[in-house]
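> Okay, here's the structure, questions in a sec.
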């Protein structure tokens, strides 16, 4: 199960790289619990979301605001129903032109082959600063 979950996560990252949000949504449970941990008042992609429509909104916010120069999931670890991924990204905030480069941890929780919960832990201060005009 763990290796299958790691493969599923790698496929979701590949879909993100292609801009294929439909594949990401298809890999999620209908009631997915999705959160880039942080205050929505600091950056609109932060905060909790529930369900496919709100996850789609998350990716629209990311696309509208961020221009990635690198997105690198590097290490994958599976335990029970979870996959932990260590990675980094470098991007420019479109509205300010400010660069952001930081490490992150993504935690995926699976049930019956679908992602039921996703958490991103990243440098929220740096992202908020990059977004602030």
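The values are calculated or read from the model by the stated rules, or taken from the named source; none is laboratory data. All values derive from a computational prediction rather than experimental measurement. All Cβ positions, even for glycine, are placed from backbone atoms using ideal geometry, and neighbour counts span all protein chains on display.
> Looking for whichever is surrounded by 16 or more Cβ atoms within 10 Å (Cβ to Cβ) and either in contact (Cβ under 8 Å) with a residue 24 or more places away in the chain or closer than 15 Å to residue 108 by Cα (or both) here; the options are 75, 67, 35. Which one fits?
35
> Closer than 20 Å to residue 4 by Cβ, crowded, with 16+ Cβ neighbours inside 10 Å and either out of contact with any helix residue (DSSP H, G or I) (no Cβ under 7 Å at 6 or more places or on another chain) or modelled with pLDDT of 95 or more (or both), is that true of residue 122?
When the stated conditions are applied, residue 122 does not pass them.
> OK, next. Please specify each residue of segment 1-31 satisfying the condition of being in contact (Cβ under 8 Å) with a residue 60 or more places away in the chain and touching a helix residue (DSSP H, G or I) at 6+ places or on another chain (Cβ under 6 Å).
Selection gives 12, 27.
> In this structure, is residue 97 exposed (fewer than 15 other Cβ atoms within 10 Å of the Cβ) and either closer than 19 Å to residue 127 by Cβ or in contact with a strand residue (DSSP E or B) (Cβ under 8 Å, 6 or more places away or on another chain) (or both)?
yes
> On to the next question. State whether the residues of segment 39-54 include one that is within 19 Å of residue 124 (Cβ to Cβ), buried (at least 17 other Cβ atoms within 10 Å of the Cβ), touching a strand residue (DSSP E or B) at 6+ places or on another chain (Cβ under 9 Å) and touching a residue at least 24 places away in the same chain (Cβ under 8 Å).
Looking for residues that are within 19 Å of residue 124 (Cβ to Cβ), buried (at least 17 other Cβ atoms within 10 Å of the Cβ), touching a strand residue (DSSP E or B) at 6+ places or on another chain (Cβ under 9 Å) and touching a residue at least 24 places away in the same chain (Cβ under 8 Å), one finds at least one in segment 39-54, hence yes.
> What number of residues within segment 38-51 are under 18 Å from residue 107 (Cβ atoms) and not in a strand (DSSP E or B)?
Matching residues across segment 38-51 total 3.
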